[in-house]
Amino acid sequence: MMSRLQSSPRLSAARLCRRELGAAIGLTLLAAGGLIAPAVFPGSAFAQTPERIVAVGGVITEVLYALGLQDRIVGVDTTSQFPPEALKDKPNVGYVRALSAEGVLSLKPSLVIAIEGAGPPDAVSLLNEAGLRVSRISEDNSPDGVVTKIQAIGAVAGAAEPARRLAEQTRARFDELATLRAALPAKRRVLFVLSLQNGRALVGGRNSSADAIIAMAGGVNVAQEVEGYKPMTDEAIIAAAPDVILMMRNSSSHNATPDELFAMPVFSQTPAAAGKALVRMDALYLLGFGPRTPSAARDLMAALYPDAAIPPLKTTAAP
């Protein structure tokens with residue numbers, strides 16, 4: 001177990017401010033944004049090579065590993081599930097939105113790279129007040145946004161050139177994906193179900209990360225009447241007439257089998273029920289929006305259009 005700093009009133013207050021967050025909020029760590037926060041590093045800081053990095057956000061960790069910087073990572077958050085060794089080998093500083101400030105500080109990092117929305121705000125304030133360099137990386141779920149994110153992470157980590165190469169290769173994969181998407185038959189209607197709670201479906205609506213990945217895969221998100229991740233009524237789901245239900249694979253709240261899911265009255269009345277069309281994918285792979293996203297979108301495309309014989313992507317993505 002990693003050492004913890006001696007508690008202080010400020011740290012105790014920060015702990016009390018943390019909120020218990022469920023899966024619905026947990027998977028919305030993938031929001032919309034722009035470029036790297038500009039005020040974090042002045043001048044020559046981008047040229048420095050930090051030796052001790054705490055990565056906060058699964059995509060941050062994924063990119064750092066892809067850039068070969070894993071030996072500089074001294075701590076990760078619980079969403080850092082790829083590669084699998086990250087959480088096994090590195091100290092855990094808590095959930096991305098419920099960080100332990102004292103846990104981060106105990107690792108004596110020279111840099112924290114955090115995805116937009118990391119928190120809580122009190123914990124981030126404590127890190128700043130302690131003089132720790134904290135760089136926020138903004139989210140953008142578009143192909144251009146993913147490319148920019150990779151470059152931004154590489155810039156603050158002192159690996160700009162490998163990040164540029166990885167970004168270019170990722171862009172090439174997105175271009176290849178666009179070619180595959182253009183050749184698809186009539187688009188299939190998809191409903192992303194984040195969780196089933198008390199018989200109600202929490203779905204990914206417009207401007208959500210689920211909405212973005214469905215579009216990349218050539219599908220149509222039928223939950224456009226809701227914004228972000230919100231409950232959708234049974235009547236609205238039936239009226240939306242999804243051809244496919246999309247869910248995440250690695251969560252206890254998403255373990256319904258196709259038989260169980262389509263036995264529910266709401267889903268039994270959708271076109272998806274005819275072929276029990278349920279697609280499950282790993283959460284971070286599906287909604288991480290990092291270097292693997294073109295491959296994730298291609299795999300989702302292949303699942304949505306099984307008769308289209310979608311080929312694997314030919315380009316590679318490595319620094």
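The values are calculated or read from the model by the stated rules, or taken from the named source; none is laboratory data. It should be emphasised that the depicted structure is a prediction, and the values quoted were computed from it without experimental measurement. Here the Cβ positions follow ideal geometry from the backbone for every residue, glycine too, while neighbour counts run over all protein chains shown.
List of remarks:
- If you filter segment 187-214 down to residues that are touching a helix residue (DSSP H, G or I) at 6+ places or on another chain (Cβ under 6 Å), of a type in the set (Gly, Ala, Ser) and at pLDDT 95 or above, you find that the one that is farthest from Pro271 (Cα to Cα) is Ser209.
- Helices (runs of 4 or more DSSP H) within segment 206-319 that include 2 or more residues within 20 Å of the chain's Cα centre (by Cα): 209-216, 283-287, 293-304
- Residues that are of a type in the set (A, V, I, L, M, F, W, C) and either within 16 Å of Leu284 (Cβ to Cβ) or touching a Phe, Trp or Tyr at 6+ places or on another chain (Cβ under 8 Å) (or both), drawn from segment 51-72: Ala55, Val56, Val59, Ile60, Val63, Leu64, Ala66
- In segment 73-110, of all residues being of a type in the set (D, E, K, R) and touching a residue at least 60 places away in the same chain (Cβ under 8 Å), the one that is surrounded by the most Cβ atoms within 10 Å (Cβ to Cβ) corresponds to Glu102.
- Yes/no for Ser44 being of a type in the set (Ser, Thr, Tyr), in contact with a Gly (Cβ under 8 Å, 6 or more places away or on another chain) and modelled with pLDDT under 95: no
- Index of the failed condition, Ala172 passing every other in (1) small (Gly, Ala, Ser); (2) part of a loop (DSSP other than H, G, I, E, B); (3) buried (at least 16 other Cβ atoms within 10 Å of the Cβ): (2)
- The listed residues are Ala152, Ala157, Ala118, and the only one of them that is under 20 Å from Gly288 (Cα atoms), at pLDDT below 95 and touching a strand residue (DSSP E or B) at 6+ places or on another chain (Cβ under 8 Å) turns out to be Ala118.
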